[in-house]
1. Looking at A:Glu306, is it more than 14 Å from chain B (Cβ to nearest Cβ), at pLDDT below 95 and either under 17 Å from the mean Cα position of the chain (by Cα) or more than 29 Å from A:Tyr72 (Cβ to Cβ) (or both)?
2. For the range B:148-164, does any single residue satisfy the condition of being touching a Gly at 6+ places or on another chain (Cβ under 6 Å), in contact (Cβ under 8 Å) with a residue 60 or more places away in the chain and assigned to a strand (DSSP E or B)?
3. Which one is surrounded by the most Cβ atoms within 10 Å (Cβ to Cβ) among residues in the range A:84-118 that are under 18 Å from the mean Cα position of the chain (by Cα) and hydroxyl-bearing (Ser, Thr, Tyr)?
4. Could you check, for the range A:219-227, whether at least one of its residues is in contact (Cβ under 8 Å) with a residue 60 or more places away in the chain, of a type outside the set (Phe, Trp, Tyr) and in a helix (DSSP H, G or I)?
5. For the range A:309-325, which positions are in contact (Cβ under 8 Å) with a residue 40 or more places away in the chain and either within 14 Å of chain B (Cβ to nearest Cβ) or among the small types (Gly, Ala, Ser) (or both)?
6. With the range B:214-291 as the region, which strands (runs of 3 or more DSSP E) entirely inside it contain at least 3 residues that are in contact (Cβ under 8 Å) with a residue 24 or more places away in the chain and away from chain A (no Cβ under 14 Å)?
7. Could you please let me know if A:Thr74 is more than 8 Å from every other protein chain (Cβ to nearest Cβ), surrounded by fewer than 20 Cβ atoms within 10 Å (Cβ to Cβ) and at pLDDT 95 or above?
Amino acid sequence: MSVPMSSDDRQMLATRFCGMHLDTPLVLLSGCVGFGEEYTRINGFSNRDVGAVCLKGTTLAPRLGNPPHRVYETPMGMLNAIGLQNPGARHVVDSILPELDFTETRFIANVSGSTVEEYFEVTRIFDDSPIDAIEINISCPNVKEGGVAFGNNPDMSARVVEACRRATAKPLITKLSPNQTDIAENARRCIEAGTDGFAVINTLMGMAVDIEQRTPVIGNNQGGLSGPAIKPIALLKVHQVYQVCKAHGIPIIGQGGIVTAEDALEFIIAGASAVGIGTALFYDPLVCPKINAGIVDYLQRHGISEISQLVGSLRLNTPAPPRCD
Amino acid sequence: MTSDLIPSPQPSPARGRGGLHAQRNTLFVEQAEIISHQPHAAGQYTLRLLAPQIAARAQPGSFVHLSCGAERPMRRPLSIMRADPDHGWIDILYKVMGSGTALLAQRQHGEHLDLIGPIGRPFSPDPQRSRPLLIGGGVGIPPMVFLADRMHLQPGITPLAILGSEVPFPFAAQPSRIIIPGLPAGVIAAMPLLEDWGIPSRLTSRQGYAGCFDGYVTDLARAWLDGLPAEARDEVEVFACGPHAMLEAVAALAREFSLPCQVSLEEFMACAVGGCAGCVVEITTPDGPAMKRVCVDGPVFDARQVFSTP
């Protein structure tokens, strides 16, 4: 059971992200926590322990998603290929959002589509709703059309962001794919196209094979790899995107394998203003208050009064040139 | 396609600002002490865990989501076989299937396991049907034992359990003292626990185990159903848990005899609270196909929804 945070703790953890006040830098990641209420089934879990909750990826029409198996554990990680199962944007706005308690945390929609027009339409539907912000999912690796096909091409990424920008004045957060050559260039184009923030990174494409059946374990053949196995990759991507963002004041949700407060702090030091928690919830549904407490402890030990002071505080090594003598 | 995939389409008091908190705080995370950890043949184990909050609320069909060890941090869903609310323990029967359950098998008496539970929509027997037929296969046996436990003190309910396994049963079978009309001669092996409760059981296997029926659970179930008078057959309701192929055969048998049938399913699972939609099964609804989460929409489903008519 979590111990309620003191007001001092809350003050240290509170941060701003794309103009939103977040009670803590923790953001529950899209696809891991349904439509915001599911984890509250667990005694001791509270949406108040996190700064924001990203809702399940939503398209214009309902989608059934991919066939099973959809999830599979791999060494220090997992593969998933859900395939954007969702009831459609209209249903989410009309039937689900009214049931969420917006006093507990911020809720962020996650929009996806097969066409630029679909992204526009879904964003427009969420624009006319109480949702706090909109995450553009141009990096889902588990659908045949859209998703990562947009996210791996800077021109297409920019077109999607432009379309969403036209559809809303709410904060727009673009979720970037690690499955691309130059994530920094993509980030640059998305900033030009009007994004307010980034989520870095989505899952990496991967596969597992059933050697008895000689088939991929995942029904979709391939899936997105998440969990601690991808943390070093995610950290580097956050660092690279931060180099582009810092001049523009564009904040980043750093995500990919965060399980402990130390993991979260690594991302914040590398340039993340907030940190995403996903697979770690599957390990421990009560992990968030533990991460909050660990961050507070770190800040106190280092005499830092606010988490924002730590963002991007990474001091790079300056390797000496190789000596020949 | 239904337009209402997540969450579950049935109106639930658990959701909504009006009844928002009804579903909240219904699952418990417990650090459960291992009271006993008994090995059986073929990599099967029975765990008895001190988990009073889960024991107090578990129902037949409920499962726990359990951390096996740090090297494999994803949890494993395991059915509850028995729950004693008075003494706060639950029993789990599992078989080593992979790296997670292999780690679990190494855990010792006195250690603690991190559990979430009790999870899932349990079996819901029709009180009008007094002859429940419980069919369990392999590690699908535990929910049937739990169901039998909850039925054995109910007056007027006369269940029959048919349990199958292709590896040695995780208990010492004994000749039954309870006569069941209509079964082939020599099929006398029973599960002692059920026998103690006065619930007739019979065992099946194709491995030639003594006293067991040589065939599938559905073959023996058919023999029993064939021997029932029509009016008695109308009192039967089928409950089943086991391998997918077995459940499909059970569902076909139930359909053939026009009997209601509830099946408990399993699927690879990540969150177990309905958040990730990783554990879905495709079911048939009046509005078309739908993907339902085994963890919270199940694990118990109406067999007719899962196995559509061929």
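1. Yes, satisfied.
2. Checked against the condition, which is being touching a Gly at 6+ places or on another chain (Cβ under 6 Å), in contact (Cβ under 8 Å) with a residue 60 or more places away in the chain and assigned to a strand (DSSP E or B), the range B:148-164 yields at least one hit.
3. Residue satisfying both the conditions and the ranking: A:Ser112.
4. No.
5. A:Gly312, A:Ser313 - these are the residues of the range A:309-325 that are in contact (Cβ under 8 Å) with a residue 40 or more places away in the chain and either within 14 Å of chain B (Cβ to nearest Cβ) or among the small types (Gly, Ala, Ser) (or both).
6. Passing ranges, in order: B:236-241, B:261-264.
7. Values: more than 8 Å from every other protein chain (Cβ to nearest Cβ): yes; surrounded by fewer than 20 Cβ atoms within 10 Å (Cβ to Cβ): yes; at pLDDT 95 or above: yes.
The answer is yes for A:Thr74.
A quick yes/no check of all residues on (1) surrounded by fewer than 16 Cβ atoms within 10 Å (Cβ to Cβ); (2) within 25 Å of B:Ser124 (Cα to Cα); (3) small (Gly, Ala, Ser):
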residue: B:Gln207; (1), (2), (3): yes, no, no
residue: B:Phe213; (1), (2), (3): no, no, no
residue: B:Thr218; (1), (2), (3): no, yes, no
residue: B:Ala221; (1), (2), (3): no, yes, yes
residue: B:Glu231; (1), (2), (3): yes, yes, no
residue: B:Val236; (1), (2), (3): no, yes, no
residue: B:Cys241; (1), (2), (3): no, yes, no
residue: B:Ala245; (1), (2), (3): yes, yes, yes
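The values are calculated or read from the model by the stated rules, or taken from the named source; none is laboratory data. Note that the structure is a prediction, hence the values are computed from the model and not measured. Glycine also receives a Cβ, built like all others from the backbone with ideal geometry; neighbour counts cover every protein chain displayed.
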